[in-house]
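Encoded as structure tokens, here's the structure I'll be asking about.
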Ligand code: ATP
């Protein structure tokens, strides 16, 4: 049953106790907020519920606010720190067994039935017996324990994790066990997007300010909207609550941008591009604007940070620290800038490089490079860095400057190193033939196509945004194949004949951000060689789960029920002939057809996307957009295809 806000308020510490150092947010108050959020799909309601919760935390236990936010987004630190909460089902089940005295087999059967160990843990609580009632859990206590669990490694790590989880479970009341288990499993699944958390945070600060209480309704709405925009923008430049929350508490929303800026050492989510289908589409979009065409290099995105103290860090498009993978790049960074350059953040692509022939090698070569424990001397696959943007320069963010200025700064202050560091190749023209020739040259040079970017107007760097000011033109689009999709592998069928002993086909899914679920999109058995099949089997057989998660959206049709289910852990790049409406797959269901999804025709495996996490997979909205924009006969396109499994 949904708890009322009054019930929740009773659980929060009262204002009179707010000065006490023991004034901690009860975990129950957070869980009640989760229950209310889970009970609605309306974003406005969710925002309202969370705003009220944050308002109380800000007034009563401000020092717990950061931890409350992390628990809401199910993280235990900024993303770039790479600390993961993803405790395996077997450890969680053992902990539930130990905490409740239940039989493991019965527990497993319940999990298969419900598809959610969290719910099963909550229901199992009633069966537990304790000698003394433990103290109620608090937010800092749960957060610290989750953090400790995420850091446990080495021998007997499993036992230590189980012990800590068991202790928390024993202290759980009402629905707390459900959320603890879900947090540990790495998926809270209450329909709470991070953007809503940011919005609620901004609103809570505005509404707690006594000045705004006197405002007219219209003025207050404006104030709420502008505060939300500020907090969201600041977060794109400095994506860490560890700095944003203390600054908000100390300086308020309006002064936040003065205190929280892009900072070398803290990676930001990169700007992304929109796909286009032809050069004429590009010219239409950028009519009357100056724009630049750049080679689209096919390697790995690398954000290179140089701090004032001279240290250098490299991050992936997913904010993963790549410094251990690229010691050779780190070693050459001191030589890429002029002497009076003290600090910077560069947006680049690292590409495999043939030193003898002095040319770019295809992506497949880069993907064979070792990812860990690499020393500069033992590097076998050489890389060349192509820089295409500058985000921070000599103590100041430059993301707000137009690309033309950022590029000028790059050219004036950085130095190319033959085969090691180059400016991305670019040209300015609005003549379609010239651009076509440039595109052909890019493809001959082992590039994927072109990136076309506005130079002066609407030309700032927009972190974490898929912007229409950057357009990508890939060779495949031009040959009518369309963009590839990045899909999560969630199931497998055992292979027969030559494929015996591996999985012969796989079930793939896109990710629906709004519903926080993986939606099946196709069954795929093409594009593999023997080596890749063996590799997938080895990796995925370690990630099998007993039953599909309750956040996998798959129909009951036996054709899409695989022999084995996988945890959503790996993303694959997939190409297909086209997309069609499907009676059995659930991708983008409701976005194009009311009760039908979209599936891929003739999908084929291209590569593993190590640089994308499962929730970075192609979204349901993107699938719908791709379906709608494909240049096909509408009759054919809208027809359901029963054969599309
Ligand atoms: P997306 O990032 O759009 O979700 P994706 O990761 O598959 O998809 P692509 O469609 O290949 O990326 O296009 C964008 C990527 O191209 C960038 O993330 C970057 O790694 C790469 N890239 C290569 N050259 C450039 C360039 N000149 N400017 C910007 N990005 C470039």
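The values are calculated or read from the model by the stated rules, or taken from the named source; none is laboratory data. Being a predicted model, the structure only gives us computed values, none of them experimental. Note: ideal-geometry Cβ built from the backbone for every residue, glycine included; neighbour counts use all protein chains shown.
Under 7 Å between Cβ atoms, at least 6 apart or on separate chains: pull out the pairs that start in region 259-284 with a residue that is farther than 23 Å from residue 349 by Cβ and end on any residue that is modelled with pLDDT of 95 or more and not in a loop (DSSP other than H, G, I, E, B).
Final answer for the pair search is 259/247; 259/251; 260/234; 260/243; 260/244; 260/247; 261/237; 261/397.
What is the residue count in region 382-402 for residues that are under 26 Å from the mean Cα position of the chain (by Cα) and within 13 Å of the ligand (Cβ to nearest atom)?
Residues flagged as under 26 Å from the mean Cα position of the chain (by Cα) and within 13 Å of the ligand (Cβ to nearest atom) within region 382-402 amount to 7.
Sort out for me the helices (runs of 4 or more DSSP H) sitting completely within region 75-181 that have 1 or more residues that are more than 24 Å from residue 545 (Cα to Cα).
On the way: elements: 89-100, 104-114, 117-124, 139-151, 157-171.
Qualifying helices (runs of 4 or more DSSP H): 139-151, 157-171.
Check 300, 349, 320 and return the single one that is at pLDDT below 95 and either touching a helix residue (DSSP H, G or I) at 6+ places or on another chain (Cβ under 9 Å) or assigned by TED's automatic domain parsing to the domain that holds residue 380 (or both).
On the way: 300 fails: at pLDDT below 95; 349 fails: at pLDDT below 95.
Answer to the check: 320.
Please find, within region 252-310, the residue that is nearest to residue 437 (Cα to Cα) out of those that are in a strand (DSSP E or B) and away from the ligand (no atom under 16 Å from the Cβ). Can you show your working first?
Taking region 252-310 as the starting set, the residues that turn out to be in a strand (DSSP E or B) are 272-275, 291-296, 300-306.
Filter once more, keeping what is away from the ligand (no atom under 16 Å from the Cβ): 305-306.
Values: 305: 34, 306: 36 Å.
It comes out as 305.
Turning to a different aspect of this structure: Check 483, 476 and return the single one that is touching a helix residue (DSSP H, G or I) at 6+ places or on another chain (Cβ under 9 Å) and at pLDDT below 95. Walk me through how you get there before you give the answer.
Working: 476 fails: touching a helix residue (DSSP H, G or I) at 6+ places or on another chain (Cβ under 9 Å).
Exactly one residue qualifies, and that residue is 483.
Every residue, every condition in (1) within 30 Å of residue 617 (Cβ to Cβ); (2) without any contact (Cβ under 8 Å) to a residue 60 or more places away in the chain; (3) surrounded by 19 or more Cβ atoms within 10 Å (Cβ to Cβ), yes or no:
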position: 296; (1), (2), (3): yes, no, yes
position: 310; (1), (2), (3): no, yes, no
position: 322; (1), (2), (3): yes, yes, yes
position: 373; (1), (2), (3): yes, yes, no
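Name the single residue, out of those in region 448-459 being at pLDDT 95 or above and closer than 16 Å to residue 275 by Cα, that is surrounded by the most Cβ atoms within 10 Å (Cβ to Cβ).
It comes out as 450.
Among the strands (runs of 3 or more DSSP E) confined wholly to region 431-534, which include 2 or more residues that are within 16 Å of the ligand (Cβ to nearest atom)? Don't jump to the end; show me each part of the working.
Values: elements: 449-454, 466-474, 485-494, 503-512, 517-524.
Result: 449-454, 466-474, 485-494, 503-512.
When you scan region 331-346, how many residues do you find that are buried (at least 19 other Cβ atoms within 10 Å of the Cβ) and in a helix (DSSP H, G or I)?
Filtering region 331-346 down to residues buried (at least 19 other Cβ atoms within 10 Å of the Cβ) leaves 333, 336-337, 343-346.
Subset that is in a helix (DSSP H, G or I): 333.
Residues flagged as buried (at least 19 other Cβ atoms within 10 Å of the Cβ) and in a helix (DSSP H, G or I) within region 331-346 amount to 1.
Do we find a residue being at pLDDT below 95, within 21 Å of residue 359 (Cα to Cα) and within 12 Å of the ligand (Cβ to nearest atom) anywhere in region 414-427?
no
Then there's this: Scan region 523-532 and tell me whether some residue there is buried (at least 16 other Cβ atoms within 10 Å of the Cβ) and in contact with a helix residue (DSSP H, G or I) (Cβ under 6 Å, 6 or more places away or on another chain).
No: zero hits.
Just checking, does region 364-381 include any residue being within 13 Å of the ligand (Cβ to nearest atom), more than 24 Å from residue 457 (Cβ to Cβ) and at pLDDT below 95? It would help to see each step written out before you state the result.
In the first step, residues of region 364-381 are kept if they are within 13 Å of the ligand (Cβ to nearest atom); the result is 366.
Next, from what is left, pick out any that are more than 24 Å from residue 457 (Cβ to Cβ): 366.
Okay, now just the ones that are also at pLDDT below 95, so 366.
Among the residues of region 364-381, at least one is within 13 Å of the ligand (Cβ to nearest atom), more than 24 Å from residue 457 (Cβ to Cβ) and at pLDDT below 95, which makes the answer yes.
Within region 24-65, which residues are assigned to a loop (DSSP other than H, G, I, E, B) and surrounded by fewer than 19 Cβ atoms within 10 Å (Cβ to Cβ)? Outline the logic, then answer.
Applying the first criterion (assigned to a loop (DSSP other than H, G, I, E, B)) to region 24-65 yields 24-25, 39-42, 61.
Answer for region 24-65, where residues must be assigned to a loop (DSSP other than H, G, I, E, B) and surrounded by fewer than 19 Cβ atoms within 10 Å (Cβ to Cβ): 39, 40, 41, 42.
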